[in-house]
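Just below is one structure, and these are the notes that go with it.
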Amino acid sequence: MSNLVVRTSKYLSLILRHKPEEIGLVLDSQGWANIQDILDKVLWINRPGLDRAVAENNKKRFEVSEDGTRIRAVQGHSIKVDLEYEPRVPPAVLYHGTYLKVAPVILVEGLKKMKRLHVHLSGDEGTAVNVGGRRGHAVVFLVDATRMIQNGHTFFQAKNGVWLTDHVPPQYLTQSKA
């Protein structure tokens with residue numbers, strides 16, 4: 001990916017997931033923004049560049065509406081939006097990657113959404129290792145999703161495959177030995 005595509009993707013993440021007000025952008029209740037508004041407000045982004053950032057984003061963080069006029073982030077928001085995801089039954093085990101420094105706290109408090117709307121989980125350990133390794137040595141937690149469902153917890157799946165839930169209490173976590 002070119003530097004401009006990466007820069008565009010990071011900026012779209014900022015304004016669509018966290019700070020639309022930074023450019024005076026208005027998101028609807030489902031997180032959609034008018035693409036033309038972004039192009040009018042961010043002069044260094046053009047439509048081909050935006051489309052390329054959406055298509056080449058390795059995490060598939062964005063979706064464009066069927067009519068091609070709107071865009072939104074599919075997960076990772078710290079601002080209140082309703083992505084209208086329906087509850088889903090996840091695989092028996094999900095994974096969460098983090099870094100060594102926070103692992104002891106997670107073992108005591110569980111996984112919290114912090115400033116985001118959801119805790120993010122992956123369906124495979126490799127993705128969790130990659131996520132956890134962004135800040136040094138990766139630590140991976142296995143999440144007993146089956147037991148969580150049995151005890152009334154709800155899961156959603158974002159369009160990019162990321163599993164979402166409100167909180168993972170520590171009794172559902174096991175630190176991976178890998």
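So G49 clears everything in (1) in a helix (DSSP H, G or I); (2) under 23 Å from K115 (Cβ atoms); (3) not acidic (D, E) except one condition, right? Which one? Checking G49 against (1) in a helix (DSSP H, G or I); (2) under 23 Å from K115 (Cβ atoms); (3) not acidic (D, E), the one that fails is (2). For the range 1-11, residues that are in contact with a helix residue (DSSP H, G or I) (Cβ under 6 Å, 6 or more places away or on another chain) and either assigned to a helix (DSSP H, G or I) or within 21 Å of G68 (Cα to Cα) (or both) total 3. Among the numbered conditions (1) surrounded by fewer than 15 Cβ atoms within 10 Å (Cβ to Cβ); (2) within 18 Å of the chain's Cα centre (by Cα); (3) outside any loop (DSSP other than H, G, I, E, B), the only one that L39 does not meet is (2). Among the residues making up the range 29-59, those that are free of Cβ contacts under 8 Å to residues at least 40 places away in the same chain and charged (D, E, K, R) are D37, D40, K41, R47, D51.
In the range 12-31, of all residues being assigned to a loop (DSSP other than H, G, I, E, B) and under 16 Å from V74 (Cβ atoms), the one that is nearest to the chain's Cα centre (by Cα) corresponds to G31.
Out of the residues in the range 14-31 that are surrounded by fewer than 18 Cβ atoms within 10 Å (Cβ to Cβ) and of a type outside the set (A, V, I, L, M), which is nearest to L117 (Cα to Cα)? By that ranking, first place goes to H18.
No value in this document is a laboratory result; all are computed from the given coordinates. Remember, it's a predicted structure, so these values are computed and weren't measured experimentally. Cβ coordinates were reconstructed from backbone atoms using ideal geometry, including for glycine residues, and neighbour counts include every protein chain displayed.
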